[in-house]
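**Student:** Handing you a structure now.
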Amino acid sequence: MTADLLDDLNEPQRRAVVHEGTPLLVVAGAGSGKTRVLTRRIAYLLSNRNVSPGEILAITFTNKAAGEMKERVADMVGPRARVMWVSTFHSACVRILRAEAQRLGLKSNFTIYDTQDSVRLMTLIAKDHNIDIKAYSAKYLLSSVSNLKNELIDHETAVSRANTPQEEIVAEVYGEYQRRLMRASAVDFDDLIGHTVALLQAFPDVAEYYHRKFRHVLVDEYQDTNHAQYMLVRELVGAGKDGVSPAELCVVGDSDQSIYAFRGANIRNIVEFERDYPNATTVVLEQNYRSTQNILSSANAVIEKNANRPKKKLWTAEGDGPKVTIYTAADEHHESDYIVRTIDDLIDNNEYAFKDFAIIYRTNNQSRSIEEVFIRKGIPYKVVGGTRFYERKEIRDALAYLRAVANPADDVSVRRILNVPRRGIGDKAEEAVEMFARRERITFSEALNRIPEIHALATRSATALTEFNTMINHLRTMDDSGAGPSEILMKAMETSGYLKELSASRDPQDEVRVENIAELENVTREFEEQFPAENEDERPATLSDFLERVSLVADSDEIPTDDAHGGVVTLMTLHTAKGLEFPVVFVTGMEDGVFPHQRALGSASELEEERRLAYVGMTRAMQRLFLTRASARSTWGQPNYNPESRFLAEIPDEFVERHGEETKALGLSGSNFDRPQKRDIQVMVLNIGDRVLHDKFGMGTVIATAGHNDSAEATIDFKSAGQKRLLLRYAPVEKL
DNA sequence: CGTGGACACGTTTTT
DNA sequence: CGTGTCCACG
């Protein structure tokens, strides 16, 4: 057994698998066999170190990663892998919180709000508190609150620490937001982590229980943890103060692939691991089994430009391979044409099938021009990401019905569907119910049960509300008497008239919506079928069970798998591509302002994150890597002339081959544009780095330029007023 | 109460 | 350019 598990590992991998006794950090470069080490280590614990599956907690960020890990371990050690906790941060926390909810004043059937629910709630709060929504959008307020939660700062602390008017407003809505969540017996994604940390800190007996239970804690993608997740790991591992020795901790990650700082991920957690856990051991995996040396050397060259990163250099035993291709196209259409031509050529030579190709870009809107050409040329493709199944309006409406049924305290869901489809309940009626509920200190749903007492209601509104309430109550009765999610879903869609309204519509979009509802019904049925098998208690799947599953599963757009007809080309963002690999990869839009993104240009730390993103993108490629750019790219109808991405210049010539039509940085001469050159009035020419004086904003520095003549724009960083994008034709700026 | 047109805005997003 | 939101009107 031991031989089997260790046989095909290289030396550092083997060390990571067998390491014993002290905290372990595995620094795993791209393609270095990270998942293999993690799964082998778990298998090794089970078969060679006499650890029982129930003592293992393995944490990932995605359900997919968790599922794969569990499956791979089960392949090695058999079905007893089932009792292991291999789950996402969020599912692990839900499991703990459900068991201990009452200690935090929550009902154990609490609802989990997703981002959209939270935005809705925050919008309501902003309105109630007369907050200027123009200056403080619900999104801004929410992300501020989320940042605080990621740092484990509660609303009381936020209030006491608030120094600026902004911080005061955020602290105020934060408190109200938490009160409303609590009243609705709901938590948001951040709370799942934060509440669990609070639980473990406030209740030593609960902490001790988990310390005794989990003797091994493994964390994947450690570079993506935020402070709250970092603390959660610390609390779960324990410090031995309760007489239980700390669990053996193993974290795996790569600081060069940290690309979620904007969501609160803190690269510090992995960089400072040895400081956090003083007796820690570090194993570095640098041998890459995925890419050719030319691809790795190029990626290394780019990432090395980041300051203060732990040194690490990927290498491969597989040989140089072809050089990386850098292609410059005249515009984004030519860029797409080039991609299609190249794909065709490679397929004609029988080297590759469609499924071997991935097109990766910085922002979702870049897929459009590529899709257009793909459709025209008949290239089969799939866009991964974008609007996901569970984010579609109709799916969210349907789920709101189910949530309103399962958790009557869930005001946000009840109010979402109150007038969907239209049933004559307007803002005024809703407000009257809301006022009544607040006066009586009851939930919105409870208020609906007392409509006759609400005198502010017009008769017509009262009738509509009563009818709505009767329908919802009927659905709740079904739920109480054990009807399954699929049955309740279909009943809700029928009695509410939701399906009817969609079916009656001539809008082709609504036809798709009907199909999506049908697909959701499929999901409920599949869930009902698999549920008893997965759980030891024989209880059939309830609506709440279903909703919990759904709330923690974001995606349904899967990465296309192998397919009889050569599959399809995959299109996705750089972020989505992390963790994947393809024989041939195109990274498109290699232009300053596109990638690195415009908004990162002014900040050193954001530029470093962009560079890590470039590293992630390039290291997805196994055999061929193409970096493409367009001299001109139309954004919102206006052509932009972005300079070549700075990342391209960072790759030494020896690893690359350049092709395409080079266009002069300024002016259109020498390019093969069809469009006649316009003769425009000369406006001021600004270059990056120029200092300017603006009538209103004062002194500033040019950090980016775009367009020419009439349409010339400059992004200028003004010290006090922040960054502004100005049309130079009008802007009252003066070059210094 | 419902709707059309003006208007503002526009990264990345594992849960 | 495309989408989502807000207000004035029917």
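**Student:** Going by Cα centres, region A:482-505 and region A:151-203 are how many Å apart?
**Tutor:** 36
**Student:** Measure off, as a whole percent, the carbon and sulfur share of the 1.4 Å-probe accessible area of chain A, all protein chains present.
**Tutor:** 49
**Student:** Next question, about the same structure. Provide the net charge surrounding A:Pro322, with neighbours chosen by a C-beta distance below 12 Å and charges set as Lys +1, Arg +1, Asp -1, Glu -1.
**Tutor:** -1
**Student:** Next question. Rounded to the nearest Å, what's the spacing between the alpha carbon centres of region A:306-329 and region A:39-96? Just the number, please.
**Tutor:** 33
**Student:** Let me ask something additional. Can you give the helix-only mean residue ellipticity at 222 nm for chain A, where every DSSP H stretch with n ≥ 4 adds -39500 (n - 2.57) and the sum goes over all residues, rounded to the nearest 500 deg cm²/dmol?
**Tutor:** Roughly -13500 deg cm²/dmol at 222 nm, from the helical runs in chain A.
**Student:** Taking the Cα centre of chain A as origin, work out the dipole magnitude from +1 charges on Lys and Arg Cβ and -1 charges on Asp and Glu Cβ, in debye rounded to 20.
**Tutor:** My answer is approximately 1320 debye.
**Student:** Please compute the per residue accessible area over chain A with all protein chains in place, 1.4 Å probe, rounded to a whole number of Å².
**Tutor:** Accessible area per residue, chain A: 46 Å².
**Student:** What ranking, highest mean first, results for peptides A:110-117, A:480-487 when packing means the other Cβ atoms within 10 Å averaged over each residue?
**Tutor:** The packing order, highest mean first, is A:110-117, A:480-487.
**Student:** Another question about this same structure. If you take every DSSP beta bridge fully contained in chain A, what fraction is antiparallel? Give it as a percent rounded to 5.
**Tutor:** 30
**Student:** While we're looking at this one, here's another question. How many angstrom lie between the C-alpha centres of region A:589-634 and region A:355-409?
**Tutor:** 23
**Student:** Same structure, new question: Peptides A:377-385, A:75-83: what's the order by average Cβ count within 10 Å, highest mean first?
**Tutor:** A:377-385, A:75-83
**Student:** Between their Cα atoms, which of A:Lys213/A:Lys241; A:Lys64/A:Lys312; A:Lys34/A:Lys313; A:Lys382/A:Lys500 are more than 20 Å away from each other?
**Tutor:** Result: A:Lys64/A:Lys312; A:Lys382/A:Lys500 exceed 20 Å.
**Student:** Considering only the other residues whose Cβ falls under 12 Å of the Cβ of A:Ser118, what net charge follows from Lys and Arg at +1 and Asp and Glu at -1?
**Tutor:** Its environment carries a net charge of -1.
**Student:** For A:His211, what charge total do you get from the other residues with a beta carbon under 10 Å from its beta carbon, if Lys and Arg give +1 and Asp and Glu give -1?
**Tutor:** Surrounding charge for A:His211 is +1.
**Student:** Just to be sure I understand the model, the point goes 7 Å from the Cα along the line to the Cβ. What's the resulting A:Lys500 to A:Glu274 distance in nm?
**Tutor:** Modelled inter-label distance: 7.0 nm.
**Student:** Sticking with this one: Among A:Lys323/A:Lys355; A:Lys149/A:Lys491; A:Lys127/A:Lys393, which pairs are too far apart, with a Cα-Cα distance over 27 Å?
**Tutor:** Exceeds cut-off: A:Lys149/A:Lys491.
**Student:** Another question about this same structure. What ranking of A:Thr495, A:Thr316, A:Thr164 comes out by heavy-atom accessible area, probe 1.4 Å, highest first?
**Tutor:** From most accessible down to least: A:Thr495, A:Thr164, A:Thr316.
The values are calculated or read from the model by the stated rules, or taken from the named source; none is laboratory data. Everything numeric here is computed off the predicted structure, so don't read it as measured data. All Cβ positions, glycine included, derive from the backbone under ideal geometry; neighbour counts span all protein chains shown. Quick note on the areas: whole protein, heavy atoms, side chains included, nothing else; ligands and nucleic acids left out. Shrake-Rupley method; radii C 1.70, N 1.55, O 1.52, S 1.80 Å.
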